[in-house]
Amino acid sequence: MTVESLNRQRVLHLLDCFARGDLDAALSCCTDDVDFLTHAPIDVLPHMVPRHGKKELRELWQTVWSRYSEIRYKAPHIVAEGDEVATYMHTYFRKRGNDRIVQFDMAVFYTFRNGLVAEIREIIDSYDLVQQVLEREIGPLILGERMDGV
């Protein structure tokens, strides 16, 4: 088995653990000093600030799981080269409050060190994500237009 295929399987294992809510198993895939960064608007999603270390990553993942009752993903594209793995995913999060599905695509890049994930970098379509989380069109807010009820 090549390092690329092994790292590809490691990423899928981490994703499967996270998607079933097994945070201990997901964190066991990471280095103690794992570094997490996502490109998301932290004024709307304040829990998405950069995280460093397993403790901070656990806090982030616990916050996500406190807001969503189900998490699913499809990873149609996974590319591995040495200790780097890139994924393109379709993700589905079911809101706890009203059972609505938040659906968005994301690219996630993983860097391995000694067989464990040392870095996670996410790129999300944050415009679409924020609209779904807030459950309203945000274009008029961005343009400074007044909306009924706002």
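The values are calculated or read from the model by the stated rules, or taken from the named source; none is laboratory data. Just so it is clear, the structure is predicted and the values come from calculations on it, not from any experiment. Here the Cβ positions follow ideal geometry from the backbone for every residue, glycine too, while neighbour counts run over all protein chains shown.
Q9 meets each of the listed conditions (1) within 17 Å of T91 (Cβ to Cβ); (2) out of contact with any helix residue (DSSP H, G or I) (no Cβ under 9 Å at 6 or more places or on another chain) apart from (1). The criterion of at least 3 residues that are loosely packed, with under 15 Cβ neighbours inside 10 Å and either among the acidic types (D, E) or touching a residue at least 60 places away in the same chain (Cβ under 8 Å) (or both) is met, among helices (runs of 4 or more DSSP H) falling completely within the stretch 1-99, by 3-19.
Figure legend. Inter-residue proximity from the stretch 110-137: first residues at pLDDT 95 or above, second residues loosely packed, with under 15 Cβ neighbours inside 10 Å, beta-carbon distance below 7 Å, spacing 6+ or different chains. Indicated pairs: T111/E84.
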